[in-house]
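Colleague: Quick one: the structure is below, and I'll ask about it shortly.
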Number of protein chains: 2
Amino acid sequence: MSQSGSVVGGPTIVDADVHEGLKSIRDLLPHLDPKWHNHITQYGWQGPANPLPYVVLSGEDGTRIDWMLEDKSMRGSDLNLMRKHLFEGEQITVGILNGDFRPSTMQGWHEFAADLAAAYNDWQIAVWLDPEPRLRGAIHVASHDPQIAAREIDRLGQHPQIVQAFLPAINDREYGDPYYLPIFEAAVRNDLAVTLHHCGHTRSALGYPRYQIEWHATAIPQTMMCQLASMICNGVFDRFPELKVVVLESGFTWIPHFMWRMDEHFRSLRVEIPWVKRKPSDILRAQVRVSTQPAETLSKRQFLGLLDQMETEDMLVFSTDYPHWDSDSPSRALPAGLPDGLQQKILSGNAVAAFGPRLLP
Amino acid sequence: MSQSGSVVGGPTIVDADVHEGLKSIRDLLPHLDPKWHNHITQYGWQGPANPLPYVVLSGEDGTRIDWMLEDKSMRGSDLNLMRKHLFEGEQITVGILNGDFRPSTMQGWHEFAADLAAAYNDWQIAVWLDPEPRLRGAIHVASHDPQIAAREIDRLGQHPQIVQAFLPAINDREYGDPYYLPIFEAAVRNDLAVTLHHCGHTRSALGYPRYQIEWHATAIPQTMMCQLASMICNGVFDRFPELKVVVLESGFTWIPHFMWRMDEHFRSLRVEIPWVKRKPSDILRAQVRVSTQPAETLSKRQFLGLLDQMETEDMLVFSTDYPHWDSDSPSRALPAGLPDGLQQKILSGNAVAAFGPRLLP
């Protein structure tokens, strides 16, 4: 090569952007500090494009080890195993499906997301609800396009085993914003609850903090408080007094704080939102339900103290979070020795009141 | 003008970007729906570039109406009035200044921010601390540059009336990140508490929601929980067991929830953070203090129930938030009938333990 860069017989060509590829993240194992290996070999971390930067120390994709399929395929993807684990093992009477497939989280390509949601809903009915009368289902939507989402809710909203319209909590969508009203309208006209669930796109006030402990302890309950504040302040509950919103997998110890704090600011700043006629805690007690998992380890006294602070026994509905690693069992999630009537409300009565008669066997 | 755009005697010139200017946001009043007028004429809203999109229904810049200066100049900017309101009116013995000037919130131009912080600190000493022995002060820093911030803390950290290094809670800074360690190191070597306070840049998990009620009820406590989780998980409290962090103006009803939730996830996920040796609630009880304002309206039973859930009487320190519209009075912030010893801890004992002997008169 000459100094000027030419070679004999042709010009010199430098390509400054060539992409080599890992066949699998496992290709890095021989080069990676061994303390990280089991996150990849056992716990299923897929690479930097994982929706969450974290991985939990459990079966692939967060499944509880003893609930994994033998071939380690997708968690919860076998009806017979679910029957064995949930209906036999945990003695559940009725299970409400929430899946793990979230077309709403696709940040672009709305039309594909909407048709994926519809395909998933049809698959859910064919593969889970039709063969198993103890299961109830959700209508998944692409929440970025509320008009199309409402049509999907209307398409399946009268199915006898469908009990909810499902919204993943994504932090750049304030579901109280009037933009999303068609979703709530469609849910109400089909006698469906609206359920909120976190997802890999759920962030805390700091975004994705450095550790999963932080993310789990802050992002999930905080985003739910924000979404409820948004729905309260934008008048969603006043517009639809028959609406029930069920917050899933977010715990419940935040409720008294959230009630007091919202009431306090409503007292001083309600002039901002004259369309809201009841104080926030009254709205929450009347129209919001919260599933119990992950139930923090509380004594009976602490648990009853929380219900006393909430001033209602109607808000909590039991859930396992099957098949995840931190799943709760109905025999252990609640403190021992609760009054029978209260226990029965949490295990079933409150859910029937929230989701309506379609929930009954 | 001809069809081609030329004029007689010269070329046609179109300037597509010319900026006219409002002399004041008040120029819009004749054109603005009257229901908004008092936000501008009475409550001091300055225009779309306000750090917060909201304004409170109070004196200019959020000052309590009866604490405004006669000439409506900047709130709290008159020492004699502060003496009258705070030391005479509210019977405060020692007041800790936190100001409203936040060089840390300048998102660029770090060197100017750092020198502004130093100038503010010197002004604070000359104008407030020197003439008034009942006041204590803060070292303000530009937290984006922790090395320069640490030098500023060392420059003034031995002043007999300085009791804290002050950090505004900004959501793109996780103060537990090792990047910020020099700030904590400098505070500890100067026997100063580190205080956290929200600012106009404090956001909720949804950013800036539509209404101030939402922002106030979610952004402030959520950001504080996130910052504490960050400091806990990154080992700040383990590295500096003598450090006290005081969370200001964020309420306190979130503490039991935050303790339970953090402990629950620490139990299952502590392998992520092996350098953290105590459970989060133990760290919080030992090293974190929380000022009482804004104290939600709680009955004595509810208030004592919360302390019972915290399992300590040591965490709360009284504050007024002078001179803001939602200021708390020592005679009304706490429920009536608290045990004398507890009341005295909250009104002074816990603060002296947190800020050290320099707090004493």
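The values are calculated or read from the model by the stated rules, or taken from the named source; none is laboratory data. Model, not experiment: these values are computed from the prediction. Neighbour counts run over all protein chains shown; Cβ positions are idealised from the backbone, glycine included. The accessibility values were calculated without ligands, DNA or RNA, using every heavy atom of the protein model including side chains. Shrake-Rupley method; radii C 1.70, N 1.55, O 1.52, S 1.80 Å.
Colleague: Once A and B are treated as a pair rather than alone, how much accessible area drops out, both sides summed, in Å² to 100, probe 1.4 Å? Please report the intermediate quantities before stating the final value.
Modeller: On the way: alone 18560 and 18500 Å², together 31570 Å².
Between A and B, the summed buried area is about 5500 Å².
Colleague: Also: Mind checking the full-extension length gain between A:ARG26 and A:ASP308? Use 0.36 nm per residue of separation minus the Cα-Cα distance, one decimal, nm.
Modeller: Details: separation 282, 0.36 × 282 = 101.52 nm, distance 5.15 nm.
Length gained, A:ARG26 through A:ASP308: 96.4 nm.
Colleague: Separation between the A:VAL18 and B:SER299 pseudo-spin-labels, each 7 Å from Cα along Cα→Cβ, expressed in nm?
Modeller: The modelled label-to-label distance comes out at 7.6 nm.
Colleague: If you line up the long axis of helix A:110-124 against the longest principal axis of chain A, both from Cα atoms, how many degrees apart are they, to the nearest 10?
Modeller: Helix A:110-124 sits at roughly 60 degrees to that axis.
Colleague: Indicate the residues belonging to segment A:163-208 that lose 40 Å² or more of solvent-accessible heavy-atom surface (probe 1.4 Å) upon moving from the chain alone to the assembly of all protein chains, ignoring ligands and nucleic acids.
Modeller: At a threshold of 40 Å² (probe 1.4 Å), the residues of segment A:163-208 that become less exposed are A:ASN171, A:GLU174, A:ALA205, A:LEU206.
Colleague: I've got another one for you. Which stretch or stretches of segment A:187-219 have amide N atoms under 17 Å from the point lying 7 Å from A:GLN107's Cα along the Cα→Cβ direction?
Modeller: A:199-209
Colleague: Could you work out what % of the accessible surface of segment A:14-355 is carbon and sulfur, using a 1.4 angstrom probe and leaving DNA, RNA and ligands out of the count?
Modeller: On the way: 7500 of 14170 Å².
Result for segment A:14-355: 53 percent of the exposed heavy-atom area is carbon or sulfur.
Colleague: B:GLY337: net charge of surrounding residues, Cβ under 14 Å, Lys/Arg +1, Asp/Glu -1, itself excluded?
Modeller: On the way: positive: B:LYS300, B:ARG301, B:ARG332; negative: B:ASP340.
Surrounding charge for B:GLY337 is +2.
Colleague: Going by amide H atoms built from the backbone, whose H comes under 5 Å of the H on B:ARG203, apart from near neighbours?
Modeller: The list, which skips near neighbours in sequence, is B:ASN171.
Colleague: Compute the label-point distances linking B:ASN80 to its equivalents in the other copies; points lie 7 Å from Cα along Cα→Cβ; give nm, one decimal, shortest first.
Modeller: Ordered by distance, the counterparts are at 9.0 nm.
Colleague: Per residue of segment B:263-275, what does 6.51 cos²θ - 1.76 cosθ + 1.60 with θ = phi - 60° give for ³J(HN,Hα)? Whole Hz please, x for Gly and Pro, Karplus curve as stated.
Modeller: 4, 4, 6, 4, 4, 8, 10, 5, 4, 5, 10, x, 6
Colleague: Sticking with this structure for a sec: Shielding of B:272-280 by partners, i.e. mean partner chain Cβ atoms within 10 Å per residue?
Modeller: On the way: counts 9, 5, 0, 0, 2, 0, 0, 0, 2.
Mean partner shielding for this stretch: 2.
Colleague: Can you give the local net charge around A:ALA117? Use residues other than it whose beta-carbon is closer than 14 angstrom to its beta-carbon, Lys and Arg +1, Asp and Glu -1.
Modeller: Numbers: positive: A:ARG102, A:ARG151, A:ARG155; negative: A:ASP100, A:GLU111, A:ASP115, A:ASP122, A:ASP145, A:GLU152, A:ASP154.
Taking every other residue near A:ALA117 into account, the sum is -4.
Colleague: A further question follows. What figure, in Å² to the nearest 10, do you get for the accessible area of A:ASP238 with a 1.4 Å probe and non-protein molecules left out?
Modeller: Surface accessible to solvent at A:ASP238 totals approximately 40 Å².
Colleague: Quick one: which residues, 5+ away or cross-chain, put their amide H under 5 Å from the amide H of B:SER143? H built at 1.01 Å from N.
Modeller: Under 5 Å from the amide H of B:SER143: B:SER104.
Colleague: Considering the options A:TYR322, A:LEU334, A:PRO221, tell which one lies farthest towards the positive end of the dipole of segment A:14-355, charges being +1 on Lys and Arg and -1 on Asp and Glu at the Cβ, about the Cα centre.
Modeller: A:LEU334
Colleague: Evaluate the distance, in nm, between pseudo-label points positioned 7 Å from the Cα of A:TRP123 and of B:GLN91 along their respective Cα→Cβ axes.
Modeller: If labels sit at A:TRP123 and B:GLN91, their model points lie 6.9 nm apart.
Colleague: Still on this structure, please answer the following. What does the charge count around B:ALA142 come to, taking other residues whose C-beta lies under 9 Å from its C-beta (Lys +1, Arg +1, Asp -1, Glu -1)? Don't jump to the answer; show the numbers that get you there.
Modeller: On the way: positive: none; negative: B:GLU111, B:ASP115, B:ASP145, B:GLU152.
With Lys, Arg at +1 and Asp, Glu at -1, the neighbours total -4.
Colleague: Moving on to the next point. Keeping all protein chains in place, calculate the accessible area per residue for segment B:148-240 (probe 1.4 angstrom), answer in Å².
Modeller: Working: 2290 Å² over 93 residues.
I get 25 Å² per residue for segment B:148-240.
Colleague: Quick query: amide H of A:ARG136 versus all other amide H atoms, modeled in the peptide plane; which residues come in under 5 Å with a sequence gap of 5 or more or a different chain?
Modeller: Under 5 Å from the amide H of A:ARG136 lie the amide H atoms of A:GLY95, A:ILE96, A:LEU97, each far enough along the sequence or on another chain.
Colleague: Go through segment A:193-207 residue by residue and turn each phi into a ³J(HN,Hα) via Karplus (6.51, -1.76, 1.60, θ = phi - 60°); whole Hz please, and just put x for glycine and proline.
Modeller: Listing the rounded values in order: 6, 9, 10, 10, 9, 6, 7, x, 8, 7, 10, 8, 4, 9, x Hz.
Colleague: Are there any trypsin sites (Lys or Arg not before Pro) in segment B:211-296 that are in a DSSP loop and have at most 16 other Cβ atoms within 10 Å? List them by number.
Modeller: Here the trypsin sites (Lys or Arg not before Pro) that fit, given the DSSP loop and packing criteria, are B:LYS277, B:ARG278.
Colleague: Then there's this: Please list, in order along segment B:24-38, the HN-Hα scalar couplings obtained from phi with the Karplus expression 6.51 cos²θ - 1.76 cosθ + 1.60 (θ = phi - 60°), rounded to whole Hz, x for Gly and Pro.
Modeller: Those phi angles translate into 7, 4, 5, 4, 7, 3, x, 9, 9, 3, x, 5, 8, 4, 5 Hz.
Colleague: Now a separate question. Quick check on packing: order B:294-301, A:206-213 by the mean number of other C-beta atoms within 10 Å, highest mean leading. Don't skip to the end; give the middle numbers.
Modeller: Numbers: B:294-301: 16.5, A:206-213: 22.4.
In descending order of packing, they fall as A:206-213, B:294-301.
Colleague: Continuing with the same structure: Which residues, if any, in segment B:283-298 have at least 40 Å² less accessible area in the whole protein complex than in the isolated chain, probe 1.4 Å?
Modeller: Checking the loss per residue gives B:GLU296, B:THR297.
Colleague: Now for a different question. Would you please put A:97-110, A:335-348 in order of how densely packed they are, using the mean number of other Cβ atoms within 10 angstrom per residue and starting with the highest? Don't jump to the answer; show the numbers that get you there.
Modeller: Numbers: A:97-110: 16.9, A:335-348: 14.6.
By packing density, highest mean first, the sequence is A:97-110, A:335-348.
Colleague: Compute the long axis of helix B:220-233 from its Cα atoms, compare it with the longest principal axis of the Cα atoms of chain B, and write down the angle in degrees, 0 to 90, nearest 10.
Modeller: The angle comes out near 60 degrees.
Colleague: Under Stokes-Einstein, with the Kirkwood radius over Cα pairs standing in for Rh, what whole-number D in µm²/s applies to the protein assembly as shown at 37 °C and 0.692 mPa s? Show your work: numbers first, answer last.
Modeller: Working: Rh = 28.3 Å.
D, rounded to a whole number, is 116 µm²/s.
Colleague: Here's another thing I want to ask about it. For B:GLN107, which inter-copy label distances result when the label point lies 7 Å beyond Cα on the Cα-to-Cβ vector, reported in nm to one decimal and in ascending order?
Modeller: 1.6
Colleague: Counting C-alpha atoms alone, how compact is segment B:138-234: give Rg to one decimal and Dmax as a whole number, in angstrom.
Modeller: That works out to 14.2, 44 Å for Rg and Dmax.
Colleague: Something else: For B:ASP282, place a label point 7 Å from Cα along the Cα-to-Cβ direction in every copy; what are the distances to the other copies, in nm, shortest first?
Modeller: Listed shortest first, these distances are 4.6 nm.
Colleague: Given 20 °C and 1.002 mPa s, how large is the Stokes-Einstein diffusion coefficient of segment A:14-355 in µm²/s, with Rh as the Kirkwood radius over Cα pairs?
Modeller: Details: Rh = 21.4 Å.
Reported coefficient: 100 µm²/s.
Colleague: How tilted is helix B:146-156 with respect to the longest principal axis of chain B? Cα atoms for both, answer in degrees (0 to 90, nearest 10).
Modeller: Tilt relative to chain B: about 70 degrees.
Colleague: Given the protein assembly as shown, what percent of its DSSP beta bridges are antiparallel, to the nearest 5? Provide the component values of the computation, followed by the final result.
Modeller: Working: 6 of 44 bridges.
Expressed as a percentage, antiparallel bridges in the protein assembly as shown total about 15.
Colleague: Arrange the residues A:ILE139, A:ILE125 by how much accessible surface each exposes, largest first, with a 1.4 angstrom probe.
Modeller: On the way: A:ILE139 0, A:ILE125 20 Å².
Listed by decreasing accessible area, they come as A:ILE125, A:ILE139.
Colleague: Something else: Label B:GLN147 and A:ASP115 with points 7 Å out from Cα along Cα→Cβ: what is the distance between them in nm?
Modeller: My value for the distance between the label points is 5.6 nm.
Colleague: If you take every DSSP beta bridge fully contained in chain A, what fraction is antiparallel? Give it as a percent rounded to 5.
Modeller: Working: 3 of 22 bridges.
Of those bridges, close to 15 percent are antiparallel.
Colleague: What accessible area, in Å² to the nearest ten, does a 1.4 Å probe give for B:HIS31?
Modeller: Around 150 Å² of this residue is reachable by solvent.
Colleague: Something else: From the gyration tensor of the Cα coordinates in segment B:271-361, what semi-axes in whole Å does the equivalent ellipsoid have, largest first, with each one equal to sqrt(5λ)? Kindly include the intermediate steps, with their values, before the conclusion.
Modeller: On the way: eigenvalues 128, 58, 37 Å².
After diagonalising the Cα gyration tensor, the semi-axes are 25, 17, 14 Å.
Colleague: In addition: Between B:PRO11, B:PRO133, B:PRO274, where does the largest GNM mean-square fluctuation fall for chain B, given springs only between Cα atoms within less than 10 Å?
Modeller: Greatest mean-square fluctuation among the candidates belongs to B:PRO11.
Colleague: OK, next. For the cross-link pairs B:LYS84/B:LYS244; B:LYS244/B:LYS277; A:LYS300/A:LYS345; B:LYS84/B:LYS300; A:LYS35/B:LYS277, which exceed 24 Å when the distance is taken from alpha carbon to alpha carbon? Provide the component values of the computation, followed by the final result.
Modeller: Values: B:LYS84/B:LYS244 31 Å; B:LYS244/B:LYS277 17 Å; A:LYS300/A:LYS345 16 Å; B:LYS84/B:LYS300 30 Å; A:LYS35/B:LYS277 20 Å.
Check vs 24 Å cut-off fails for B:LYS84/B:LYS244; B:LYS84/B:LYS300.
Colleague: In peptide B:226-237, what is the residue-averaged number of other protein chain Cβ atoms found within 10 Å of each Cβ? Present the calculation step by step, with values, prior to reporting the outcome.
Modeller: Working: counts 11, 4, 2, 12, 7, 0, 4, 8, 4, 0, 0, 0.
The shielding value for this peptide is 4.
Colleague: So, one more: Largest first, what is the accessible-area ranking of A:GLU313, B:GLU152 with a 1.4 Å probe? Walk me through the intermediate numbers first.
Modeller: Numbers: A:GLU313 85, B:GLU152 20 Å².
Highest to lowest solvent-accessible surface, that is A:GLU313, B:GLU152.
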